[in-house]
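Remarks on the structure that follows.
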């Protein structure tokens, strides 16, 4: 069943504290629901960014999209997440993934394991976080460890859990555990170095959502479905804009596929709003995130749909 829309954006950089906080206040006024921070070595540390955003706003939720589970010790991650959940007044959403940028692992000196091993690490991290959120942190000597305010995720012991990806293994983890499932639109190109991606098609989104729903079974209707929009392209001529993008995507998609994929928004503000309504009806996507560079282009769409 399609849910109510929620809108969000992610933060790529922090030119200054004031600039970050003003962007978040503006987003709150415009009707955005959440600001996300990614977990890349080329980006700011996520939890300080989220706390600064929470301090500057009243209702804007804050989240990670997504943390690379192999980068984190579960006990220390539980402490970070619980602290931000408390200090934000229960506004944290915790997104976790298996990691997909090999060069970041290499730079950090973290072993790059086969995807199956990284997917297992992701599920183990979720299990450990559930345990720490439920009992273990508060039971440590001293009794001052934070306990999450929220009890909506991690089996009712912590903040909402987001898991996203494209492959069977990570989406199976999402189906078993996540409150919010992101059916990602970036696919590793076969035969190319790790981190070489192509955009997913509408048919692939159909199949991936169907796969998660089958894996989730009875809990499928309780899942909130997340869409990460890769580009927002304002234009009066959708067809012409799509044809221009064919070369940008190295000819891996036709103009028709570009116009149909849910991972691109192309057209007038009204046409983009209609695209989002169609995606919610077709796939269930109701939680929509745009990348930071497209915030200004997307803000009028949010205001229109509010």
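Worth a mention:
- Residue within region 20-38 that is closer than 22 Å to residue 184 by Cα and part of a helix (DSSP H, G or I) present: no
- Considering only residues in region 267-285 that are assigned to a helix (DSSP H, G or I) and touching a helix residue (DSSP H, G or I) at 6+ places or on another chain (Cβ under 6 Å), the one that is nearest to residue 200 (Cα to Cα) turns out to be 283.
- Search result, residues across region 78-110 that are free of Cβ contacts under 8 Å to residues at least 40 places away in the same chain and either assigned to a helix (DSSP H, G or I) or surrounded by fewer than 14 Cβ atoms within 10 Å (Cβ to Cβ) (or both): 80, 84, 87, 105, 106, 109
- Evaluated against (1) closer than 23 Å to residue 181 by Cβ; (2) modelled with pLDDT of 95 or more; (3) in contact with a strand residue (DSSP E or B) (Cβ under 8 Å, 6 or more places away or on another chain), residue 54 falls short on exactly one condition, (1).
- Exclusive hit being in a strand (DSSP E or B), closer than 21 Å to residue 162 by Cβ, in contact with a strand residue (DSSP E or B) (Cβ under 6 Å, 6 or more places away or on another chain) and at pLDDT 95 or above, set 302, 288: 288
- Residue among 95, 89 that alone is out of contact with any helix residue (DSSP H, G or I) (no Cβ under 7 Å at 6 or more places or on another chain), modelled with pLDDT of 95 or more and within 29 Å of residue 175 (Cβ to Cβ): 95
- The residue that is nearest to the chain's Cα centre (by Cα), among those in region 246-259 that are under 22 Å from residue 279 (Cβ atoms) and surrounded by fewer than 18 Cβ atoms within 10 Å (Cβ to Cβ), is 249.
- If you go through region 232-265 and keep only what is within 20 Å of residue 286 (Cβ to Cβ) and not in a helix (DSSP H, G or I), you end up with 232, 261, 262, 263, 264, 265.
- Candidates 241, 220: the one that is farther than 24 Å from residue 6 by Cα and either without any contact (Cβ under 8 Å) to a residue 60 or more places away in the chain or surrounded by 18 or more Cβ atoms within 10 Å (Cβ to Cβ) (or both) is 241.
The values are calculated or read from the model by the stated rules, or taken from the named source; none is laboratory data. Everything numeric here is computed off the predicted structure, so don't read it as measured data. Counting neighbours? That spans all protein chains shown, and the Cβs are built from the backbone with ideal geometry, glycine included.
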